[in-house]
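Take a look at the structure set out below.
No lab work stands behind these numbers, since they all come straight from the coordinates. Computed from a prediction, not measured in an experiment: that's the story for all the values here. Please note: Cβ atoms are built from the backbone with ideal geometry, for glycine as well, and neighbour counts cover all protein chains shown.
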Amino acid sequence: MQDLSATRVLITGGGIRIGRAIALAFARAGARIVVHYNRSEREAHELVKDLEQITPGHEAVKADLLHATARRELIPSLLRPGETLNCLINNASVYRRCPLAQLQSDRFREDYEINFLAPFLLMRDFARYCDEGSIVNILDQRVAVVDPSSSAYGFAKKSLRDATEAAAVQWAPRIRVNAVAPGLVLPPRGVAPEKVRRLLRYVPMAQTSSPGEVAEACLFLTRARTITGQVLYVDGGMHLVSPAMHELDEADYSA
Ligand SMILES: NC(=O)c1ccc[n+]([C@@H]2O[C@H](COP(=O)([O-])OP(=O)(O)OC[C@H]3O[C@@H](n4cnc5c(N)ncnc54)[C@H](OP(=O)(O)O)[C@@H]3O)[C@@H](O)[C@H]2O)c1
């Protein structure tokens with residue numbers, strides 16, 4: 001297994017949930033982690049302590065990715081003499097369902113900024129300021145299906161998939177750009193696990209995927225020297241059989 005001890009990775013939204021699992025998996029592989037957070041300050045600093053038990057050299061950094069200045073400063077602030085980044089995991093996200101006709105422009109802008117503009121600008125800055133490396137964008141299996149009520153979130157994840165492919169071509173061979181598309185992993189915050197269990201009828205493998213499996217997929221793509229521009233689905237086959245998500249019971253699927 002390829003050792004990642006020369007790798008320093010920025011994981012956005014890395015303090016909790018799936019981002020936390022990615023941070024732990026990369027630290028176990030030998031990488032040094034920059035845990036980005038916005039609101040989860042305590043969790044991010046506790047995670048850094050946990051990571052230090054595995055390998056030394058981790059840190060936590062705060063940035064509200066809705067703010068242009070914070071977005072612009074994030075990657076340059078991490079580059080110091082002798083200290084670069086060679087991996088970026090765009091994991092931070094906001095998931096809010098809304099029927100299209102009820103979408104408000106402010107909310108649309110916010111959701112699109114967090115789910116597309118921020119990760120895209122971080123990709124751009126990684127390409128500008130770092131010599132080489134690997135980017136993994138966390139998408140959603142919905143990029144393969146039509147789910148109108150995922151609205152700005154869904155549009156943004158599809159844009160991020162397109163940007164993944166475009167950047168993979170433009171930045172090769174210096175930087176590889178791939179994506180992981182999870183299905184049902186963790187219920188949105190505040191949503192009961194039973195709601196997710198009801199959706200397992202749409203999953204051929206009839207089980208949720210774990211945060212650890214999403215993390216393993218990120219690790220695989222980071223190590224794969226000749227893989228670029230790919231989307232790896234970690235969804236139990238859900239994207240293959242759910243072409244009509246607009247027929248879902250909204251009450252089942254809402255956050
Ligand atoms: N959960 C699932 O089952 C599932 C399914 C499909 C796809 N995914 C994708 O997998 C990734 C992780 O999912 P998750 O459920 O673990 O995510 P999550 O808990 O909904 O959000 C991840 C992080 O995004 C950060 N974030 C939100 N707004 C921000 C802002 N304005 N500035 C900076 N950071 C911000 C938050 O950081 P703070 O807490 O520090 O504020 C949060 O911890 C996401 O990209 C998601 O779309 C997840």
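Legend: Rg and Dmax of the chain, from Cα coordinates, 17.5, 54 Å. Rounded to the nearest 20, the Cβ-based charge dipole of the chain about its Cα centre (Lys and Arg +1, Asp and Glu -1) stands at 180 debye.
When the P(r) is computed for region 126-255, the part past 22 Å accounts for 39% of the Cα-Cα pairs.
Each Lys or Arg adds one and each Asp or Glu subtracts one; over the other residues with Cβ under 11 Å from the Cβ of residue 125, this totals +3. Model label points for residue 224 and residue 104, set 7 angstrom from Cα along the Cα-to-Cβ axis, are 4.1 nm apart.
Counting only alpha carbon atoms, the long axis of helix 17-28 and the longest principal axis of the chain meet at about 30°. Bridgeable lysines around residue 157 (alpha carbons under 26 Å apart, same-chain partners fewer than 8 residues away excluded): 62, 195. Footprinting exposure proxy ranking of 231, 34, 241, fewest other C-beta atoms within 10 angstrom first, gives 241, 231, 34.
Return the single residue from 108, 116, 26 with maximal mean-square fluctuation; model: Gaussian network over the chain, springs between Cα atoms under 10 Å. Of 108, 116, 26, the most mobile in the Gaussian network model is 108.
Split the chain at each of the trypsin sites (Lys or Arg not before Pro) in a DSSP loop with at most 12 other beta carbon atoms within 10 Å, and the longest piece is 40-173. Within the straight-line cut-off of under 19 Å between alpha carbons, the aspartates and glutamates reachable from residue 158 are 110, 111, 113, 140, 147, 235, sequence neighbours fewer than 8 places apart in one chain being disregarded. Measuring r between the beta carbons of residue 170 and residue 3 and using R0 = 35 Å, the FRET efficiency lands at 0.75. Every pair of different Cα atoms in region 8-73 enters the Kirkwood calculation, which places the hydrodynamic radius at 11.6 Å. Need one number: % antiparallel among DSSP beta bridges in the chain, to the nearest 5. Counting DSSP beta bridges with both partners in the chain, the antiparallel share is about 5 percent.
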